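The values are calculated or read from the model by the stated rules, or taken from the named source; none is laboratory data. The structure presented is a predicted model; accordingly, all values stated were derived computationally and were not measured. No Cβ is skipped: glycine too gets one built from the backbone with ideal geometry, and neighbour counts run over all protein chains shown. Each accessible area value is taken on the protein alone, full model and side chains, heavy atoms only, with ligands, DNA and RNA left out. Shrake-Rupley method; radii C 1.70, N 1.55, O 1.52, S 1.80 Å.
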Amino acid sequence: MAPAKPHQSAAVAIPVPDKISVSLNVNGVDVQLDLAPWTTLLDALRDRLNLTGTKKGCDHGQCGACTVLVDGRRIVSCLTLAVMKDGSKVTTIEGLAKDGMLHPLQQAFIDHDAFQCGYCTPGQICSAAGLLAEGRAKTADEIRELMSGNICRCGAYPNIVAAIQQVMGHS
Amino acid sequence: MINFQYARAADVADAVRQIAADPKAKFIAGGTNLIDLMKEEVERPSRLIDISRLPLDNVEETSGGGVRIGALVPNSDLAHHPLIAQRYPILASAILAGASAQLRNMASTGGNLLQRTRCYYFYDIATPCNKREPGTGCSAVNGVNRMHAILGTSETCIATHPSDMCVALAALEAKVLVAGPGGQRTIAFADFHRLPGDTPHRDTNLEANEIVTAIELPARGFAKNYTYLKIRDRLSYAFALVSVAAALELDGQAIKEARLALGGVAHKPWRDVNAEASLRGQAANRDSFARAAEALLHGAKGYAHNTFKIDLARRAIVRALAQASQGTPQSQSSKKIR
Amino acid sequence: MNAYIGTSTSRIDGRAKVTGAAKYAGEFNIDGLVYGAVVESTIAKGRIKHIDASEALRVRGVLDVLTHQNRPRMADASAAYKDDVAPEEGSPFRPLYDDKIMFSFQPIALVLAEEWETARFAASLVRVEYETAAFTTDLQAQRNSAFVVEKPESHRGNADKAFAAAAVRHEAEYFIPIEHHNAMEPFAATAIWDGGGKLTIYNKTQGVQNVQRYLCSVFNMKPDDLRVRSPFTGGAFGSGLRPQYETVLAVLGAVKLRRPVRLALTRRQVYTVGYRPATIEHVAIGAKPDGTLDAIVHEAIAVTSQHEDFSRNDTAWSGQLYKSPTARYEHRLARVDLPTPCDMRAPGAATGVYALECAMDELAVALKLDPVDLRLRCYSDRDQHTNRPYTSKQLRECYRQGAQAFGWSKRRAAPRSMRDGTELVGWGMASGVWEALQMETAARITLTANGHAEVASAVSDIGTGTYTIMAQVAADLLGLPLDNVTIKLGDSTLPLGQVEGGSWTAASVSHAIAKTAGEIRKELLRLAQAVPDSPLANATVDGVALVDGRIVHKRAPDRAVSIADAMRQGKVDRIEREGTVQFEDDDSHARNTHSAIFAEVKIDEELGVIRVTRVVNAVAAGRILNTKTASSQIMGGVVWGIGMALHEETLLDHRFGRFMNPNIAEYHMPVNADVYDIKVIFVDEPDTRINPMGIKGVGEIGIVGTAAAIANAIYHATGKRVRDLPITLDKLR
C-alpha cells in the first residue's frame, strides 16, 4: 500500500493561513522559519525546531509547563503567536546548560528532587530563571507566590522552593 | 482555532483604519485571553491586527499631577513601575493578585480591561450563552453558578468580569483614553464596562472600531490607606470569588474620602458612590465599615450556588476597610489575611 | 553490600529531565509525521445520525477524516477490547466503533492533516447531526437504583444490631466528588512504521505491555509487529493503567494513511479518559465509653458508566483496620452516562479511608477522647477481617513519631480553642492504610567485561523513581558503581513488567533484579572457579557476593577474583541473564503499609480562608529503597491530599451531562502558594516475611488519610464539620 497523498477533492479548497517568514534567536542560534500566524511559539519550538523540552501541559496558559524566556522575560509560549515575536531572543530549557555544564537551577532541581515525572520541570526551571532575573522574590512566601503559575501535579513544591533558595543563596 | 489573517498596525491611526475596515477583525497585544478563547473557538476573528509594537508603552506623569499609562504597558511592568508602586500601590497590589508572573509579563494594560468572563458556559460552545451567541439563553442562571455575579445581573446573563486590575482602576476613578475614526475620546472608568442588561454580548462601551490607547490616573493615589483583598478558592492563581479594593483618606480617625470597589461579583467592577458617601465624615471603625458594606451590597441577589458571596463580600469589605484604615494593606505573597 | 539501597540517591534520569532531553510520547518528531485532531460529541447520549466531513476534507493540508463509517477495520468482539486491568463486568469503550454516543466529549471523528493547526481547524468544520436520548450524570439522582458489587462473603457478627445497641454511636454520610488526575502530560501517542509492516507506538502509559496486548487484539496484529514504548511518562496517577483512546486513534490513522501519526489530546479531552468516581460514603461506628469498638458499618455508592462496572475497595478498610467484634461493609454502583471511572492514586482508600478517618474523629469527639488515643484503644495487630497477623505493622510507631514531630501533645482538645491572631488554628490527624502488593515481573541483566551492566524490564517510571531504584538495586547486587548501570524500561519488547500501579513496582522489579543478579553471580562464580588456583574454588554461590567489581567470599573477603579477570579467563565479554520472579501466594499474613498523618490548618475566622500550614506524615512501608525519591512520593501524596480536601472537584451540569471545568484554571489543584511545610517520616519497619528485601511500596500511601487529617483539623479549628469535599470556604458558614 502506498502512503497517502493529500486528499483530492473536486470542491474548492478551503485555505489555511499563508506562512510568514519569522526570524528568531533561539538559545543563541539565529533561525528563520516560515510560519502561519496561528502557530504558537510553543508549537514552533516543539514541532518545527524539535526543541521538545518546552512542554505542552494545557495549551491555555493555565499550567506554566510551556514557560520560556523571551527577551529575558518568562512568558507562556502556548499563548504567544510566533509571528508576533519576530526578531526576539528566546531561551528554552535546552539553552540553559552551557558547554555541558548544568545551569545552577538545573543542578539544584536534581539535588533537591524538585520533580518527579519531569513534565512540568522545564517550565519550572525557566520560570525560576525568570524569577531570579526579576530579583523580587526574597522570602519563601515570595518564591511560592511568584512560582504559582507553574503547576506540579506530582507535588514537588517544597523541593522546588528549596532548589530555588539554594541558587539564590549562591548568587 | 479558525483560519485568520494577520497584519501589523503601523501606528494608532493605521490600527483604527484596519479595524474599521473589517468588522470581524480583532486587535491582539498580549494575547493571553484572546488566544485562549480562539483555541476554544469562542472568539473567531477573521483577522488579527497586531498592535503589540505600537509605541503605547510609557508610564508618565500628566500635567494635572496624575499618571498616564500606555495601553501596551505589560501588567508586571506597570505593577513595578516606581510611579505606580509608590503613588498608586492599590493598583500595583491588584495587578499582582491576578494571574501568574508569566501572564502578567505578557498581558497589556488595555487588554486587561477587555478580558472576557470565565463563565463556564461562555467557554463551552456546546452550551447556550447569550454573551457568546445572543438570543440562545443563559445556561448559568439555572446552572453551575458558584462563581457568578450577585450584583447588577439580568436574566440574560450573570457573568462576572474577571479582572483584578480593573477593580483598583475603578476605585481610583481612572479614565480610559480611546482613539477611533472620529478622533480621541475619554471614557470614565465607571462608564467603560457595562452591565449585561439585554445586551450581554457587549462587555464594554468601546466601539468596535476604537482602540484603547491609555489609562489616566487622577492625582489622588490613596498611597497611605489602601488595600486589595482577594478571596479565592486556592491561595494563588485563581479568579476571585470576591475581591475588594478599598482606599481611604483619613484625618485622624475620621474618613475624609473613601473608595470601594468589588471584583468577582458583577459584570463590571462594582462601585456605588452611596456606599463611599456613607463613609465620608465617619469614624473609621467596624460600624461605619459595616454600613458601607450594606450600602455597596444593596440589591445583591444570589443564585443556586453563589448566595454565599453576599455575606462573604460583606465581611471582606469590612476587613478590607480595616486593613486600609490601619495602613496594613494585604500582602499578595503572604497569604495570612491581615 | 548496600552502597545505594536505602540511601538518598538523586534520580538517574534527573539530568534528562532538567535539560529537556527526556522525550515523552508526543515528542518523537519524524519526517512525514501526520497530526491528528479529535472531534468530540457535544451530546451525552444518543447516536450519530449524520456526520459530514466534506468541509473539513476541503481544508488544504487535510489528509483524511476518520469516523465510525470509514475507519480501518478493528475487532468486532467486545472482548477484544478488554485490557489487563479492565473491569470484569461490562464492555470497554471502543473509539470510532459505531454510531453510539455514550458520553459527552466522546471522540467521534479523527482529522488527519499535515500540520497540527490545520487538523484542529478542520476538526471545527466537521458537522454532526445527533439523535439524542435521555441521560443522567447525577449520582444523587441514581443512588436509589445502585446495585451491590462488593460485600464480604460472611459478615463479622451482626454489625447493625451491635451498632444499635452501642453506648456511643456516630453515623454520617460523607461525599467525594468526581476528581481528575490531571497529570501534566496530556495523553499522546505517536505511531511510526518501522518498515516491513511493523509499528512502534510511543504512548503515554503506565503499562507498555498492556497497551501492546490490547492493540494487537484490537487490530489483529502479531505481537512481534507492534511495539509500544514509553521511556518517560509525564505523570499518570492511575489514568494510564488502561490503554486510552488516543492510542487506538493514532494506530487507526497510521493504518489508514500508511504514514506516521501523532495524536496528542487536548487538556479537555483528557477529562474523558477516566476519573475518580464520585462516591457517597456512609459510615456508622458504635463504641463503648472506653473507646473500644462494638461495630463498624461502611457502605459506599460510587458512580460507574453504563457500559462497565468499575469499582474499587472503599469500604473493607474499615473492617480491617480497627479492632471491632462486628463489621459490615458493602459497595454499590450507580450508573451514569459518563466515561468509565478509573484508578486514581490510592483508588478506594483515598475516598473510603477519608470517610472512615473523619468518622473516627467524630467518634473521638463524642467519646471525649484524644483522636490518637482512640485509635490506640482499638489498635489491632491482626487483620480484623481474616484474623491474620501482618507481615509487619508499625502503625503504633507512626502515631508516636508523627505526634512527637508534630507536637501533638500541645493540642487543646476543644474546637476553636487554639488561635494565632485573626486565624483559628486546628490540629487534626488520621491513619492511612494501603496494600503491599507484588506482581510477577522479569528483568534482564547484561554484564559486560568493562564492568557495565544494562538492566531491562518492561515496567514504567511515571515519576515514581523506578529508573533510580532499579539502578540502586542492580548496582548493589552486582557490586558496581551506580554510574555503571544503565536502565531500560517502558518498552514492550523488554522482559515482563506489569502496569505501574498499586505501589507494587518497587517490590516486584527489585526482586526480579535480585533474582537475575543471582544468576549473573552464579555464572561469575563458575568463571572465577575456572581461574587457575582460584581462591574461590570451594565457594558456593550463596557464599559469595559481588563487591566493588570483584567476586568476594563473604566470610573471607580477602578471597576474591575480579569480575574482569574471571570474564577474561573465561573468554566471555558479556553475560546476559533473564529471570522472572513470582511471589508465593502466602495467605498466612496480611500485607499492608500504614501511616499517621498530622495536619495543622490556619483559618481566617472572619473570611474562612484556609491554609494548610503544616503536615507531618509518618509512614511504615517496609524497607525504603531510596529515602529521597520515596520522600518525594509521600510529599506528593500529601499535596494530593491537600487538593482533595480543599480544592478538587470536577463540576457537572446534569442538564447537559457535561463537565463544566475541564481545564486547569477552574479545576483547582494546589499551586505552590498552597503548600507550606511537609515533613515525611519513614518509620523503621523490618519485614523479612513479605519478601526477601522487605519492600512494600510508597506510591499510594501518602494520600491515604491526608484529606481526613485536614478535614479533622478544620473541624478542630472551627467547630464546623464539613463532610462534603472539597471543603471550600463557603461551606464553613
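Got at least one residue in region C:148-158 being exposed (fewer than 14 other Cβ atoms within 10 Å of the Cβ) and either assigned by TED's automatic domain parsing to the domain that holds C:GLU330 or not in a loop (DSSP other than H, G, I, E, B) (or both)? Yes, there is a match, as at least one residue in region C:148-158 is exposed (fewer than 14 other Cβ atoms within 10 Å of the Cβ) and either assigned by TED's automatic domain parsing to the domain that holds C:GLU330 or not in a loop (DSSP other than H, G, I, E, B) (or both). One residue stands out among those in region C:378-399 that are touching a helix residue (DSSP H, G or I) at 6+ places or on another chain (Cβ under 9 Å) and not in a loop (DSSP other than H, G, I, E, B): the one that is farthest from C:ASN617 (Cα to Cα), which is C:ASP383. Search region B:48-65 for residues being part of a loop (DSSP other than H, G, I, E, B) and buried (at least 20 other Cβ atoms within 10 Å of the Cβ), and hand back the single one that is nearest to the other protein chains (Cβ to nearest Cβ). Residue satisfying both the conditions and the ranking: B:SER52.
Per-residue answers, yes or no, for (1) of a type in the set (Gly, Ala, Ser); (2) over 27 Å from C:LEU725 (Cα atoms); (3) without any contact (Cβ under 8 Å) to a residue 40 or more places away in the chain:
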| site | (1), (2), (3) |
| --- | --- |
| C:ASP98 | no, yes, yes |
| C:ILE101 | no, yes, no |
| C:VAL128 | no, yes, no |
| C:ARG143 | no, no, no |
| C:PHE147 | no, no, no |
| C:PRO152 | no, yes, no |
| C:ARG156 | no, yes, no |
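If we scan region C:685-704, do we find a residue that is assigned to a strand (DSSP E or B) and surrounded by 24 or more Cβ atoms within 10 Å (Cβ to Cβ)? Yes, some residue in region C:685-704 is assigned to a strand (DSSP E or B) and surrounded by 24 or more Cβ atoms within 10 Å (Cβ to Cβ). Residue count for region A:110-145 satisfying the condition of being at the interface with another protein chain (Cβ under 8 Å from one of its Cβ atoms), open to solvent by 30 Å² or more (accessible area, probe 1.4 Å) and not basic (Lys, Arg): 5. Select from region B:1-47 the residues that are within 14 Å of chain A (Cβ to nearest Cβ), within 17 Å of B:GLY180 (Cα to Cα) and assigned to a loop (DSSP other than H, G, I, E, B) and list them in ascending order. Listed by number, the list holds a single entry, B:ALA9.
Checking region C:176-190 against the condition returns a match, with at least one residue being crowded, with 16+ Cβ neighbours inside 10 Å and under 29 Å from C:GLY291 (Cα atoms).
Within the set B:ALA140, B:ALA149, B:ALA126, the sole residue that is hydrophobic (A, V, I, L, M, F, W, C), outside the structural domain of B:ASN33 (by TED's automatic domain parsing), open to solvent by less than 20 Å² (accessible area, probe 1.4 Å) and within 24 Å of C:ALA44 (Cα to Cα) turns out to be B:ALA140. The set of residues in region A:73-109 being within 12 Å of chain C (Cβ to nearest Cβ), more than 21 Å from B:ASN75 (Cβ to Cβ) and of a type in the set (A, V, I, L, M) consists of A:ALA82, A:ILE93, A:LEU96, A:ALA97, A:MET101, A:LEU102, A:LEU105, A:ALA108. The residues of region C:626-650 include none that are in contact with a strand residue (DSSP E or B) (Cβ under 7 Å, 6 or more places away or on another chain), within 7 Å of another protein chain (Cβ to nearest Cβ) and within 30 Å of C:MET102 (Cα to Cα). When C:GLU600, C:GLU648 are screened for being under 30 Å from C:ALA236 (Cα atoms) and part of a strand (DSSP E or B), only C:GLU600 passes.
Mind checking which residues of region A:135-163 are touching a residue at least 40 places away in the same chain (Cβ under 8 Å) and under 18 Å from the mean Cα position of the chain (by Cα)? Hits for region A:135-163 are A:GLY149, A:ASN150, A:ILE151, A:ILE160.
The residues listed here are C:PRO243, C:PRO260, C:PRO231; of these, the one that is farther than 22 Å from C:MET439 by Cα and open to solvent by 10 Å² or more (accessible area, probe 1.4 Å) is C:PRO260. I'd like the residue in region C:1-51 that is surrounded by fewer than 24 Cβ atoms within 10 Å (Cβ to Cβ), of a type in the set (A, V, I, L, M, F, W, C) and within 14 Å of chain A (Cβ to nearest Cβ) and, out of all such residues, is nearest to C:ARG127 (Cα to Cα). Applying the filter and picking the extreme gives C:LEU33.
Among the residues of region C:471-486, those identified as touching a helix residue (DSSP H, G or I) at 6+ places or on another chain (Cβ under 6 Å) and open to solvent by less than 20 Å² (accessible area, probe 1.4 Å) are C:ALA471, C:VAL473, C:ALA474, C:ALA475, C:LEU478, C:VAL485.
For the residues B:ALA261, B:ALA304, B:ALA293, the requirement of being assigned to a helix (DSSP H, G or I) and either touching a residue at least 12 places away in the same chain (Cβ under 8 Å) or among the charged types (D, E, K, R) (or both) singles out B:ALA293. Pairs under 8 Å by beta carbon, first residue open to solvent by less than 40 Å² (accessible area, probe 1.4 Å) and polar (S, T, N, Q) in region C:54-67, partner at pLDDT 95 or above and in a loop (DSSP other than H, G, I, E, B), six or more apart or different chains? Listed by first residue and then by second, the contacts come to C:THR67/C:ALA53; C:THR67/C:LEU96.
Here is a yes/no grid of residues against (1) more than 30 Å from A:HIS60 (Cβ to Cβ); (2) assigned to a helix (DSSP H, G or I):
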{"position": "C:THR200", "(1), (2)": "yes, no"}
{"position": "C:GLY238", "(1), (2)": "no, no"}
{"position": "C:PRO243", "(1), (2)": "no, no"}
{"position": "C:LEU249", "(1), (2)": "no, yes"}
{"position": "C:ILE285", "(1), (2)": "yes, no"}
